[in-house]
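Reading through the C-alpha cells given below for one structure.
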Amino acid sequence: MNGNMRSVSRLASVFVLLLALMGPLAAQTVSPAGPFGFLLSTSFTDSSNQGGAAMLGIMRFDGTGKVSGPYTLEFGSGGTLPVTTITGGFSGTYSSSPDGTGTILINLDNGYAMTLEMTIDDSSHGLQLIATSCSCTGGIDLSVSVFGGVGMHAKKLASGSLSALNGSYGGQFTFSPQPSRSNTVFSFDGAGNTTMSITFVGTGPNIISAAYTGTYIVNANSTGTITLPAVPGQGQQTFVFVITNEGGPGLLLMQTNRLGDGVSFGTVRQ
C-alpha cells in the first residue's frame, strides 16, 4: 500500500513539474520578428484633403521592442491640396501580447506620428494593422483620417538584384476615393524590363484595357521602383513596391505618379 502511494506521489510530482514547464510556454508572447513590408491606406472626408492617402514601407522589428524602416507617403487630392509624395524613414517602439495583438508607436522624420494596433495572423504570421491615432507638427492633417492595411514578411535579398523579380505577378488595384478598381498583371524579365497589362473599371461603367512597357529597379532592402514612360493619352506612371515572400513571391505596390486625383495601391502575387 505504501509503495502504491509512493508511486502516486511520484506521478503527482511529475505532473506538477510538467504544468510548471508548460505554464511559461502557454504564456509566451506572440511577437513579429524581422522585416515586414506594409501598406496602409485611407480616404479623407474633409474638403481640402479629399482623395485619400496611402503609405508603403518596411517595418523592421528588432526583437527587443524597437521598430524602424523606410516609407513613402502618398497624398492624392481631389480638394484644394496638391498631390504630394513624401519619402523618408521612421523609428519607434512596439509591444505585443500572448494573444497575438499589440501596439506600434512610430515617429516619421517629417513630423508625423502614428499609433497602430496590430493583430498577428496565426496562419501566415502576417500583420493586420489599423491606426488609432495620427498627428503631425506640420503639413497635411492626418488626424481626420483612418488608416488601415497589412504587413507581410519582406523578402531578404543579399543585395539589390533585378533577377529578384522574374515572371508574371497578377492582382487587383484599388483607386481611392473614386469607386474604381483594376485587374493588373506585371511581367518581369529578370533584367530590368517589365510590362503592365491592365483592365480598369470605373463609374459609368468606364472600362479600359491597355498594356504598357517600362523598366524596374530593385534595392538591397527589398524595395524598388517601376517606371512606365509616357504614351499618347497617358503620362508617365511610377510605382514603388516591397517584395514579399509570404504565401509565395509577391509585391505590395503604390502608385506615386499618375493622371488624375486620388491614390492607387494594390497587391500582386506570382
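Would you be able to say whether some residue in the stretch 149-164 is more than 19 Å from the chain's Cα centre (by Cα), outside any loop (DSSP other than H, G, I, E, B), surrounded by 15 or more Cβ atoms within 10 Å (Cβ to Cβ) and of a type outside the set (A, V, I, L, M)? Among the residues of the stretch 149-164, not one is more than 19 Å from the chain's Cα centre (by Cα), outside any loop (DSSP other than H, G, I, E, B), surrounded by 15 or more Cβ atoms within 10 Å (Cβ to Cβ) and of a type outside the set (A, V, I, L, M), which makes the answer no. Scanning the stretch 135-146 for residues that are surrounded by fewer than 19 Cβ atoms within 10 Å (Cβ to Cβ) and under 18 Å from the mean Cα position of the chain (by Cα) yields a count of 1. Here is a check on your reading of the model: is residue 187 surrounded by fewer than 16 Cβ atoms within 10 Å (Cβ to Cβ), in the same structural domain as residue 247 (by TED's automatic domain parsing) and farther than 30 Å from residue 82 by Cα? No, not satisfied.
For the stretch 195-240, the tally of residues that are among the aliphatic types (A, V, I, L, M), over 18 Å from residue 170 (Cβ atoms) and in contact (Cβ under 8 Å) with a residue 12 or more places away in the chain stands at 5. Right, residue 196: within 23 Å of the chain's Cα centre (by Cα) and under 18 Å from residue 40 (Cα atoms) or not? No.
Apart from one condition, residue 196 fits all of (1) on the phi > 0 side of the Ramachandran plot; (2) in contact with a Ser or Thr (Cβ under 7 Å, 6 or more places away or on another chain); the exception is (1).
Each row is one residue, and each column tells you yes or no for (1) exposed (fewer than 14 other Cβ atoms within 10 Å of the Cβ); (2) within 23 Å of residue 249 (Cβ to Cβ); (3) among the basic types (Lys, Arg); (4) in contact with a strand residue (DSSP E or B) (Cβ under 7 Å, 6 or more places away or on another chain).
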site	(1), (2), (3), (4)
183	no, yes, no, yes
191	yes, yes, no, no
197	no, yes, no, yes
202	no, no, no, yes
210	yes, no, no, yes
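Please report, ordered by residue number, the strands (runs of 3 or more DSSP E) entirely within the stretch 84-144 with at least 2 residues that are aliphatic (A, V, I, L, M), within 24 Å of residue 155 (Cβ to Cβ) and outside the structural domain of residue 243 (by TED's automatic domain parsing).
Numbers: elements: 84-96, 101-108, 112-120, 127-136.
Ranges flagged: 101-108, 112-120, 127-136.
The residues on offer are 192, 167, and the sole one that is more than 21 Å from residue 263 (Cβ to Cβ), touching a helix residue (DSSP H, G or I) at 6+ places or on another chain (Cβ under 6 Å) and not assigned by TED's automatic domain parsing to the domain that holds residue 114 is 192.
The values are calculated or read from the model by the stated rules, or taken from the named source; none is laboratory data. Predicted model only: the values in this text are computed from it and were never measured. Virtual Cβ from ideal backbone geometry, glycine too; neighbours counted across all protein chains shown.
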